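Data first, discussion second: the structure below is written as structure tokens.
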Amino acid sequence: MSAFERRIKEYADRAAAVQGEGLYFYLQPVEAVDGAWATVDGRRKLLASSYSYLGLIGHPAIAAAAHDALARYGTGTHGVRLLAGNTDLHDRMEARIAAFTGSEASVVYSSGYLANVAAISALLGRDDVVVCDKLDHASIVDGCLLSGAQFVRVAHNDIAAFERALRRAPARASRLVVVDAVFSMDGDLIDLPALVEVCRRHGAWLMVDESHSLGVLGERGRGIESHFGLRDAVDVRMSSLSKSVPSAGGYIAGSARLVAYLKHASRAFVFSAALPPASAAAVIAALDVIEAEPQRVARLHDHVRRFRAALQAAGLPVRSDPTPIVPVITGDDEGAMRIARYLDDRDIFALPIVSPAVPPRTSRLRMTVTAAHTREEVDRIAAALSAAWREVTPALTEG
Ligand SMILES: Cc1ncc(COP(=O)(O)O)c(C=O)c1O
């Protein structure tokens, strides 16, 4: 058996074993979405693992903007932005993102994954040093690997370790630090004020991925700098546009010079097609809605506090972070999958997360609440999850 076949078989065997036990929950074909509810195979399920934190999927103003763009520009572009694929809509989208994030300019790629890979690999050269948190998103890791720079990963949120890594960098090396604002599988925040200090002391640029903080943290959902009362603390701002913003794509925002450089030197911009016009229009409309309807952010945080408090009261090991991502760690894959089964049987759509998405032996349910839920729905998810935890985890400890 070739190495290719061995790898493919290993995955197929793992999936088949889980499917055989009725514990496979991935790739469910959602047929319709209605607020916090999704229809799968004709069954309505209450979403408890959604990234649409502000509940903006289906918002009438955003949907109307996308429809208008479709009618005016069509379904696609004429290829890459640098050649025939640019539209005034793309330029307006980037100006809107720049205004929302308090940056001079922005550039949008066709996914958040690409934005990280493209920007990090375009900025860094072989003689440079990049320092990351070990829980940073995979797209950050891939950008660092592709860059060929010296790549250092430090313990999670260990600011002293960031400092040590920067101090050890060769004198002539340019230094970049890249972190998630909110860690996507754990829902906790980077200690941004302390990290900014360290970066300034060592002349390092700081890049922050706001995929899970845009629309969530800070005044009117402006993000982590606003949350900590900081201004101009981050050199390279990044976010996916497919979570609180119900579209697709990912941006890098920063100085006009940085953005002009990325538009000519980052390969995923130069060699990959533009975002479809309807998606660009949805981004502009969504940022307008986020600014105009701050009650959505307030409602989200109300739900976050309510959900976390209910789980803590039921004895689940849940922290009090101010984010909608609530990991419920079972350790092994089976516990996470059995809790997902219990919830699915009660029409709650929650997903188990296992390695390699998280480190081995830290398998979990990655629960979320959103502004689309009602309080009763938040309570219903918390009650079902607490009951599932009581039923499944003692069996695991005994086993
Ligand atoms: C922290 C973080 N960065 C980047 C990405 C990639 O974004 P996208 O899904 O738009 O490619 C994700 C999405 O999963 C993410 O969670």
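The values are calculated or read from the model by the stated rules, or taken from the named source; none is laboratory data. Note that the structure is a prediction, hence the values are computed from the model and not measured. In this analysis, Cβ positions are derived from the backbone assuming ideal geometry, glycine residues included, and neighbour counts consider all displayed protein chains.
Miscellaneous remarks
- Of all residues making up segment 217-245, the number that are within 12 Å of the ligand (Cβ to nearest atom) and closer than 18 Å to S50 by Cβ: 7
- When L275 is tested against (1) of a type in the set (A, V, I, L, M); (2) more than 15 Å from the ligand (Cβ to nearest atom); (3) part of a loop (DSSP other than H, G, I, E, B), only condition (2) is not met.
- Selection over segment 5-39 of residues that are assigned to a strand (DSSP E or B) and either without any contact (Cβ under 8 Å) to a residue 24 or more places away in the chain or among the aliphatic types (A, V, I, L, M) (or both) gives a count of 7.
- Pairs, first under 18 Å from L195 (Cβ atoms) and in contact (Cβ under 8 Å) with a residue 40 or more places away in the chain in segment 122-143, second of a type in the set (S, T, N, Q) and part of a strand (DSSP E or B), C-beta under 7 Å, six or more apart: V129/Q150
- Qualifying residue in segment 363-371 (condition: modelled with pLDDT of 95 or more and part of a helix (DSSP H, G or I)): no
- Filtered residue count, segment 246-256, keeping only those that are within 23 Å of E197 (Cβ to Cβ) and away from the ligand (no atom under 16 Å from the Cβ): 2
- For segment 25-80, residues that are under 26 Å from D288 (Cβ atoms) and of a type in the set (D, E, K, R) total 3.
- Candidates A204, A181, A194, A169 - the one that is outside the structural domain of I325 (by TED's automatic domain parsing), under 22 Å from V129 (Cα atoms), surrounded by fewer than 19 Cβ atoms within 10 Å (Cβ to Cβ) and aliphatic (A, V, I, L, M): A194
- Test for L124: is it modelled with pLDDT of 95 or more, more than 20 Å from I97 (Cβ to Cβ) and more than 16 Å from the ligand (Cβ to nearest atom): yes
- Here the condition is being away from the ligand (no atom under 16 Å from the Cβ), in contact with a His (Cβ under 7 Å, 6 or more places away or on another chain) and either of a type in the set (A, V, I, L, M, F, W, C) or on the phi > 0 side of the Ramachandran plot (or both); of A84, A105, A66, A99, it holds for A84 alone.
- Looking only at residues of segment 302-357 that are among the β-branched types (V, I, T) and touching a Gly at 6+ places or on another chain (Cβ under 8 Å), we find that the one that is farthest from K243 (Cα to Cα) is V326.
- Qualifying residue in segment 9-23 (condition: over 24 Å from L214 (Cβ atoms) and within 21 Å of the chain's Cα centre (by Cα)): no
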